[in-house]
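Structure first, then comments.
The values are calculated or read from the model by the stated rules, or taken from the named source; none is laboratory data. Quantities reported herein were computed from a predicted structural model and do not represent experimental measurements. Neighbour counts are summed over all protein chains in view; Cβ atoms, including those assigned to glycine, are modelled from backbone coordinates with ideal geometry. Surface areas here come from the heavy atoms of the whole protein model, side chains and all, with no ligands, DNA or RNA. Shrake-Rupley method; radii C 1.70, N 1.55, O 1.52, S 1.80 Å.
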Amino acid sequence: MRVIDEEGNQLGIMSRQEALDLSEEKKLDLVCIAPKAEPPVCKILDYGKYKYEQQKKEKEAKKKQHTTQVKEIRLSTFIEDHDIMVKAKTGAKFLKDGNKLKVSLRFRGRERDYVARGQEVMERFAEAVSEFGDMDKKPKFEGRSLTMILSPKSDKK
């Protein structure tokens, strides 16, 4: 097996027993880094410290990740203009924060007869937040609800 010491210097190819003796002499561990290589590559290092460093790197990488959430806003068929603007302001805030936005409009009872009105409300809402987000999925019926999905505007132009 090919052996590398703790500083990264190659010690050459040696038998398993020689490598183990060398690692015991230095009071460190012999870790097989590339077992499928020809010959296998092993490194002499402090395994506890190595695992600690790996965990630290993983934790740091997790901190830098941004998870996208889907926020939802519900509208109604006969909503007033001012109320749409208030909901649009909230929706714009969600989109600025980098979240996706699901806008749903539920038809109750006889409201089902006013589908065109529901489409109009959705269009007005989309127009109000168009500065902050793009429409991913156009308004579509899902059961008794009309839903649309908006995603934050990308800065790539």
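Any residue in the range 111-119 that is free of Cβ contacts under 8 Å to residues at least 24 places away in the same chain and of a type in the set (A, V, I, L, M, F, W, C)?
First, pick out the residues of the range 111-119 that are free of Cβ contacts under 8 Å to residues at least 24 places away in the same chain: 113, 116.
Filter once more, keeping what is of a type in the set (A, V, I, L, M, F, W, C): 116.
Yes, the range 111-119 has at least one match.
Of all residues in the range 58-78 being part of a loop (DSSP other than H, G, I, E, B) and closer than 18 Å to Met148 by Cα, which is farthest from the chain's Cα centre (by Cα)?
Within the range 58-78, the subset part of a loop (DSSP other than H, G, I, E, B) is 65-69, 76-78.
With the extra rule that they be closer than 18 Å to Met148 by Cα, the set shrinks to 68-69, 76-78.
Numbers: Thr68: 6, Gln69: 9, Ser76: 31, Thr77: 34, Phe78: 36 Å.
Going through the qualifying residues, I end up with Phe78.
Ser23 versus (1) under 36 Å from the mean Cα position of the chain (by Cα); (2) open to solvent by less than 70 Å² (accessible area, probe 1.4 Å); (3) among the polar types (S, T, N, Q): which is the lone unmet condition?
(1)
Whether any residue in the range 45-53 is free of Cβ contacts under 8 Å to residues at least 24 places away in the same chain, open to solvent by less than 100 Å² (accessible area, probe 1.4 Å) and small (Gly, Ala, Ser) is what I want to check.
yes
How about the range 54-77: which of its residues are hydrophobic (A, V, I, L, M, F, W, C) and open to solvent by 80 Å² or more (accessible area, probe 1.4 Å)?
First pass over the range 54-77, keeping only residues hydrophobic (A, V, I, L, M, F, W, C): 61, 70, 73, 75.
Once the filter is applied, which keeps residues that are hydrophobic (A, V, I, L, M, F, W, C) and open to solvent by 80 Å² or more (accessible area, probe 1.4 Å), the range 54-77 yields only Val70.
Please find, within the range 64-76, the residue that is modelled with the lowest pLDDT out of those that are more than 13 Å from Val103 (Cβ to Cβ) and in contact with a strand residue (DSSP E or B) (Cβ under 9 Å, 6 or more places away or on another chain). Reasoning before the result, please.
So in the range 64-76, the residues more than 13 Å from Val103 (Cβ to Cβ) come out as 64-69.
After this cut, where a residue has to be in contact with a strand residue (DSSP E or B) (Cβ under 9 Å, 6 or more places away or on another chain) as well, the list is 68-69.
Numbers: Thr68: 79, Gln69: 86.
The extreme case among them is Thr68.
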